[in-house]
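Notes follow once the structure below has been shown.
The values are calculated or read from the model by the stated rules, or taken from the named source; none is laboratory data. Source: prediction; values computed, not measured. Here the Cβ positions follow ideal geometry from the backbone for every residue, glycine too, while neighbour counts run over all protein chains shown.
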């Protein structure tokens, strides 16, 4: 038997800065649908996805959360992999860029580039966008902000290693012109050629010295390898690439990749930097890079601060996994941004999944059981009138139409072809009126043929839908006690001698959106609460200096009983440090007797961390814990402010007073 043709597909690896929303999850589902379809075509498929775990942004987020970078990425990577599993992605490998084998090979690749003269040491002076991990010149900024994400940039100057991109630019241009399929859709190819390659490439910064969370440059330990030279190499290190030439079997078998599936926002890195790195390594280029559009919430991007982020696990809880897969795969255009709202998901659930697919299956099974005791057979008598010729031809042609759409990566169109056939089957019921045939005993054979034809159509469509909605297809197979049809079988009508139908619950029960609204509101409220909890806030006991210059309004009188609810204790500050990315906050480690707590206070403009250590200060210790800048604060320091805004801590005047002592 000849070896199967191989097919290697990847997603961009997800950045471990937080939980991925449905727009991020869409890419993993899209890759999965393509991988499943290729397996159904008989390919030996290797589908790889994973997480990108290094960089300054991760280092800062970990510090804000009071974790080591490794602890932080371990948690987020687990969340990402859990969501990929939840939505049914059938990946063959989940790579992490903190995997030892990946780190070892990236360090080797960097050294190889340096030794062959592709990398040199210099100094970077420009503007830096932390969220994008990207450097920019002033001329590249748009209205003074990052041209990729639109966020603030900061001046940066540091020693760095640079890759000579121009050395390979002409060779890459030639490759793209000779291989028009290399970058898809065509609009993306034109963008890369006209906006970047033909304008000339600047040398690329490939190392950093301003943070430590990265793969070290083994011959210059002040530097860590910059995120893109690190992350992009996952596509080969995950297969067993070895910079010394001792490649693993998977690399020999599957490289070059058949398809890199990525978001349009990172196209430049994958279609320019990555091919040039491969050229410098002397390795073949991937066959195709597809930059898919974005899934937007309404008219704009999802934002936690707006409370409008939609997550796959929330969607799956309300609508089911296959409904989520159907929506994101069917609603995303080929090269334009798609839209998602809770209302739109519910509408598609009812009109497409419940009405078109679910209703067809339920009606057919019910009629087979009612009229024939659960079994229909292939007709042994030729129908002289042949009234079903057009219908059967439509069903048989569906497989070829789906194949054509999938070859062009038009997944939404492939699903539409299947649902067009399902709609035709519903129309066929209206045309043949089985309920009327059942009233005439002489029409029993015709009634059998109609229900057999419907069953065969349902199983053809279920087999074609399997790549997109695997759980639903499995339920349909189980209802009729059959296995999936092959693509070849889908193209030929009526191969089975008989079908048995078993009563099953409705595949998709219609939903009333109003009944879902309370749960959706809870989800949005939880997002807003999470955002507010993460916002740095000046504690009430240390008001802002500007506000103190105005006469503070008197607060309502309280009773002694109200005051008595407050627990005041003296705590000894045994450690103190500034909170990263905040010029107001200090993080104090405070000892109360045998108990140690973490408390965040907005006093950094008045006290240096080293001044705080050793002080015995009065704290409110029975406040509910609150997250400030990712740090859980377990109390509040007491301070007073004079009319000039000078802050003074409430310090114990008895040095011998033990920490933990109650006040009042």
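Some points to look at:
- Out of 50, 42, 82, 75, sole residue that is assigned to a loop (DSSP other than H, G, I, E, B), modelled with pLDDT of 95 or more and either out of contact with any strand residue (DSSP E or B) (no Cβ under 7 Å at 6 or more places or on another chain) or not assigned by TED's automatic domain parsing to the domain that holds residue 627 (or both): 42
- Conditions (1) modelled with pLDDT under 95; (2) within 26 Å of the chain's Cα centre (by Cα): number failed by residue 473: (1)
- Among the residues of segment 426-450, the ones that are in contact with a helix residue (DSSP H, G or I) (Cβ under 6 Å, 6 or more places away or on another chain) and closer than 22 Å to residue 380 by Cα come to 9 in all.
- Some residue of segment 157-180 being under 22 Å from residue 266 (Cα atoms) and within 27 Å of the chain's Cα centre (by Cα): no
- Residue in segment 589-603 that is assigned to a loop (DSSP other than H, G, I, E, B), in contact with a helix residue (DSSP H, G or I) (Cβ under 9 Å, 6 or more places away or on another chain) and at pLDDT 75 or above present: yes
- Residue count for segment 66-106, restricted to those that are within 25 Å of residue 632 (Cβ to Cβ) and surrounded by 19 or more Cβ atoms within 10 Å (Cβ to Cβ): 7.
- Criterion violated by residue 114 - all others in (1) assigned to a strand (DSSP E or B); (2) within 30 Å of residue 246 (Cβ to Cβ) satisfied: (1)
- Highlighted here are the helices (runs of 4 or more DSSP H) found entirely within segment 398-492 that include at least 3 residues which are farther than 29 Å from residue 327 by Cβ and either touching a strand residue (DSSP E or B) at 6+ places or on another chain (Cβ under 8 Å) or touching a residue at least 24 places away in the same chain (Cβ under 8 Å) (or both): 444-465.
- Inspection of segment 611-621 identifies no residue that is within 20 Å of residue 65 (Cα to Cα), modelled with pLDDT of 90 or more and assigned to a strand (DSSP E or B).
- Those residues of segment 85-108 which are within 25 Å of residue 161 (Cβ to Cβ) and either in a loop (DSSP other than H, G, I, E, B) or modelled with pLDDT under 95 (or both), in sequence order: 97, 98, 99
- Strands (runs of 3 or more DSSP E) lying entirely in segment 262-381 (those with 1 or more residues that are under 30 Å from residue 114 (Cα atoms)): 289-292
- Every residue from segment 346-366 that is buried (at least 21 other Cβ atoms within 10 Å of the Cβ) and either under 17 Å from residue 456 (Cβ atoms) or without any contact (Cβ under 8 Å) to a residue 24 or more places away in the chain (or both): 357, 360, 361, 364, 365
Every residue, every condition in (1) under 30 Å from residue 361 (Cα atoms); (2) modelled with pLDDT of 95 or more; (3) buried (at least 16 other Cβ atoms within 10 Å of the Cβ), yes or no:
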| position | (1), (2), (3) |
| --- | --- |
| 485 | yes, yes, yes |
| 491 | yes, yes, yes |
| 498 | yes, yes, no |
| 501 | yes, yes, yes |
| 507 | yes, yes, yes |
| 528 | no, no, no |
| 532 | no, no, no |
| 557 | no, no, no |
| 582 | no, no, yes |
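- Restricting attention to segment 601-617, the residues that are farther than 11 Å from residue 574 by Cβ, surrounded by 21 or more Cβ atoms within 10 Å (Cβ to Cβ) and free of Cβ contacts under 8 Å to residues at least 60 places away in the same chain total 1.
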